[in-house]
Amino acid sequence: MNTIKLYQQDVYQQQCQAVVKAVDQDTVLLDQTIFFPTGGGQSCDLGTIDGLEVTEVYEKDDLVYHRLSVPPAFQEGMQVHCRIDWDRRFDNMQRHCGEHILSGICYQLFGGINRGFHMGQDYMTVDIALEENPEIKEITWEMAKEAELAANQVIWSNAPVTVRHFETREEAEKMPLRKALAIDEEISIVCVGDVKNASDCVACCGTHPSSAGQVGLIKLYKVEHYKGMFRIYFEAGQRALMDYDGKHDLVTALGNRYSAGAEDLLDKIKAREEKNKIIKNELHVLRQSVIQERVDRIRQQIQSSEPSEIVIYEFADMKTDDLLNIGRPLIQDIKKLLLIISPQDCTLLLFSNGNLNCGKLVKENASIYNGKGGGSATSARAIFPKREGLDTFVDLLEKHLR
């Protein structure tokens, strides 16, 4: 027994009655189905059978199996009601037909053969091998845009989309195919446009609308080299429109932010970047000046301090990396220990001339106060979850090393 595939007879049929032929845990076999199984680069239909959610549909040996969200209480011979998720079905129809049209155009314009097709969640891809026209070595972005326009012109012409079924390869090969057949029997040929001047004609088992106009739109995203071929990223149908809507909203928001229209937005952004670069350079000079001023001030204190004195500074206006640039130039001047606190990072930096091992001090004591860190003999850092632990650790160092 083969499953009667109603989706091959009428792709617009959204519900049907069917008879249960077998049940295996959560999987049901019916005498006929409107559910398209995963295949040909297209995901399966979803929906319900007697109100139970269909989570997967697959085909094996001409039988179509339906996996449900829970094991059903179906019995063999029982009649059930099937309903597909039409939005998902039509989305797949738009996308799959869009791929046919684009692949057909790439074949016509560039002699490109579609050697791979994937319908992803965020975009579709086709892998085009330039085999038929050796004079063409690559697909540039300008060429891709030419193909995009030609593909949309097919959509705007509302060319008919027909599916013809053939029992043998010999019969099917009478069609103007853009790609050699890979099967020998029960062949479905999808043709976009008139057979005598088709925009595309190829074997396919997927679902497609009855006219190209229902695809709505094809939008290309990018082209890249891929395993000796050219991978085209694109979208079709409502998804292409939604992508455009999102990018239009983004451009509008950027335009409002930069007080620009689409025509001068890039110029405004470039001008802002140049201005920011100047400000960044000025800030860097000022930061280096402040760092040097603080290095000089701490060096004076170290020089006037007692050999046993621990010098402590706290700077709330600098990040830890800047504070490291303050402490490192002073290592040779330090008599005992220099501590620099970064309150915003809850971090303590330790510096010495090597007589006191900073890394060892941190490793052996910081964890007592929930701190962590490490370093070398001359510099180390200890990071604490709370300021209380940092202060206690500093107090320990002062008492222990006094």
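Data for the structure
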| quantity | calculated |
| --- | --- |
| Residue with peak Gaussian network fluctuation, the chain [Cα springs, cutoff 10 Å], from 311, 19, 57 | 311 |
| Estimated FRET transfer efficiency (residue 241, residue 85; beta-carbon r; R0 22 Å; 0.05) | 0.65 |
| Electrostatic dipole magnitude of segment 218-372 [Cβ: Lys, Arg +1; Asp, Glu -1; Cα centre; debye, to 20] | 460 |
| Charge dipole (debye, nearest 20) of the chain; +1 at Cβ of Lys and Arg, -1 at Cβ of Asp and Glu | 2140 |
| Anisotropy class of segment 1-138 from Cα gyration tensor, a/c 1.5 cut | prolate |
| Inter-probe distance in nm under a simple model that places probes 7 Å from Cα toward Cβ, at residue 227 and residue 301 | 6.5 |
| Spin-label zone in segment 177-201 - amide nitrogen under 16 Å from a point set 7 Å from the Cα of residue 136 along the C-beta vector | 178-179, 199-201 |
| Rg/Rg_globular for segment 252-402, with Rg_globular taken as 2.2 N^0.38 Å and Rg from C-alpha atoms | 1.41 |
| Estimated Rh, segment 313-402: Kirkwood, alpha-carbon pairs, angstrom | 12.7 |
| Of 198, 147, 162, farthest towards positive along the dipole that unit charges on Lys, Arg, Asp, Glu beta carbons give segment 147-210 | 147 |
| Taking only Cα atoms of segment 245-293, radius of gyration then Dmax in Å | 16.2, 53 |
| C-alpha center-to-center spacing [segment 335-402, segment 95-167] in angstrom | 65 |
| Efficiency of FRET between residue 273 and residue 53 - r from beta-carbon atoms, R0 35 angstrom, step 0.05 | 0.10 |
| Over the chain: helical MRE at 222 nm, DSSP H runs n ≥ 4 each giving -39500 (n - 2.57), nearest 500 | -11500 deg cm²/dmol |
| Which of 330, 236, 258, positive extreme of dipole for segment 216-336 (C-beta unit charges) | 236 |
| Full-stretch length increase - residue 15, residue 146 - with 0.36 nm per residue and alpha-carbon distance subtracted | 43.1 nm |
| Under 23 Å from the Cα of residue 335 - lysines, other chains or at least 8 residues apart | 360, 363, 399 |
| Orientation-averaged projected area, Cα convex hull of segment 173-229 (nm²) | 5.9 |
| Candidate lysines for bridging to residue 268, where Cα separation is under 28 Å - those fewer than 8 sequence places away on the same chain excluded | 145, 219, 222, 247, 277, 280 |
| Accessible area (Å², per residue) of segment 145-191, counting only protein heavy atoms and a probe of 1.4 Å | 60 |
| Virtual spin-label span in nm between residue 174 and residue 4, 7 Å along Cα→Cβ | 2.8 |
| For residue 175, distant residues with modelled amide H under 5 Å away | none |
| Whole-number Å³ per residue for the convex hull built on Cα positions in segment 85-199 | 128 |
| Answer label, with Rg and Dmax of the Cα atoms in Å calculated from the coordinates and candidates (i) 22.6, 65; (ii) 20.9, 63; (iii) 34.9, 102 | (iii) |
| Length released on extending from residue 360 to residue 313, taking residue separation times 0.36 nm less the Cα-Cα span | 14.8 nm |
| Label-point separation, residue 292 to residue 196 (7 Å along Cα→Cβ), nm | 8.5 |
| Dipole in debye (nearest 20) - segment 147-199, about Cα centre, beta carbon charges: Lys, Arg +1; Asp, Glu -1 | 280 |
| Amide proton proximity set for residue 132, modelled H, under 5 Å, gap of 5+ | 113 |
| Nearby aspartates and glutamates by direct alpha-carbon distance to residue 196 (threshold 17 angstrom, same-chain neighbours under 8 apart not counted) | 171, 173 |
| Carbon + sulfur, % of accessible area of the chain - ligands and nucleic acids excluded, 1.4 Å | 48 |
| Among 323, 46, 250: highest mean-square fluctuation, GNM of the chain, C-alpha pairs under 10 Å | 323 |
| Modelled FRET efficiency - R0 35 Å, residue 122 with residue 259, Cβ distances, 0.05 increments | 0.65 |
| Most mobile listed residue (377, 262, 129) in the chain, GNM with C-alpha springs under 10 Å | 377 |
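The values are calculated or read from the model by the stated rules, or taken from the named source; none is laboratory data. As the structure is a prediction and not an experimental result, all values here were calculated from the model. Please note: Cβ atoms are built from the backbone with ideal geometry, for glycine as well, and neighbour counts cover all protein chains shown. Quick note on the areas: whole protein, heavy atoms, side chains included, nothing else; ligands and nucleic acids left out. Shrake-Rupley method; radii C 1.70, N 1.55, O 1.52, S 1.80 Å.
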